[in-house]
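Below you'll find the structure, written out as structure tokens, and then a few comments.
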Amino acid sequence: VLGAIPRLDEGETPQQAASDLRSPFSEAYRSVRTALQFATARGLPGTLLITSAGPSEGKSTTAPELAQNISQLGKRVLLVDADLRGASVHKVTGLSTAKGLSSLLSNACALEDAIQPWRSDALTVITAGPLPPNPPELLGGDALPRLLGKLRETYDVIVLDGPPILGLADAPLLANHAEATMLGGAGQATRIDALQSG
């Protein structure tokens, strides 16, 4: 277990909780970041997929928060919304989805047109882009590993906000190209057998 993130009070947003650097929420994500620094022999994984067993288990809160926390270490971080079914990074960041990962994988735009700055020079984002009719076709081709290879030349850490694992082919396709995969679960909600299956 890399860490445990406390539930927020009713009506409190992750952005509000994260603004207080001494809040249990902020401390918990710094603790997870520290644990990830020991996840591989060379420290932080270069490509980190964040997923969950099912929907609504906090992965799309975790991905932006971890990306921001890692960038505070002086790392060049890219947050990618790789959930091409239920994209949500654009909601957290307020960034455009006109061009994003789906556009890049289908050769519909140039890389520089899909990368958007967010919060600091060290932290940038690729949103999901227009949602495709068949995500596994885009994720299963040669375009994804080529794209990740090119991005690794520029970024220290790439954080992929992936879709849930159960019942979908997308997450295993993404995990195949990530250096590490982090599986999240909701306390008192996620079934143990669902986590084991993930």
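The values are calculated or read from the model by the stated rules, or taken from the named source; none is laboratory data. Just so you know, these numbers come straight off a predicted model, no measurement behind them. A quick note on method: Cβ atoms are made from the backbone with ideal geometry, for glycine too, and the neighbour counts reach across all protein chains shown. For the accessible areas, the whole protein counts, side chains as well, though only heavy atoms, and no ligand, DNA or RNA atoms are used. Shrake-Rupley method; radii C 1.70, N 1.55, O 1.52, S 1.80 Å.
General observations
- Among residues of segment 174-190, those that are assigned to a loop (DSSP other than H, G, I, E, B), open to solvent by 30 Å² or more (accessible area, probe 1.4 Å) and under 17 Å from residue 101 (Cβ atoms), counted: 2
- Under the condition of being surrounded by 16 or more Cβ atoms within 10 Å (Cβ to Cβ) and either charged (D, E, K, R) or more than 28 Å from residue 175 (Cβ to Cβ) (or both), the residues counted in segment 31-52 number 1.
- Residue check for residue 100: closer than 13 Å to residue 51 by Cβ and in contact with an Asp or Glu (Cβ under 9 Å, 6 or more places away or on another chain): no
- Test: residue in segment 52-66 that is under 13 Å from the mean Cα position of the chain (by Cα), β-branched (Val, Ile, Thr) and modelled with pLDDT of 95 or more: no
- Test: residue 48 is in contact with a strand residue (DSSP E or B) (Cβ under 9 Å, 6 or more places away or on another chain), farther than 17 Å from residue 79 by Cα and touching a residue at least 12 places away in the same chain (Cβ under 8 Å): no
- Count of residues meeting criterion [over 17 Å from the mean Cα position of the chain (by Cα) and among the small types (Gly, Ala, Ser)] in segment 97-119: 5
- Residue 1 meets all of the listed conditions (1) more than 14 Å from the chain's Cα centre (by Cα); (2) within 27 Å of residue 168 (Cβ to Cβ); (3) surrounded by 13 or more Cβ atoms within 10 Å (Cβ to Cβ) but one, namely (3).
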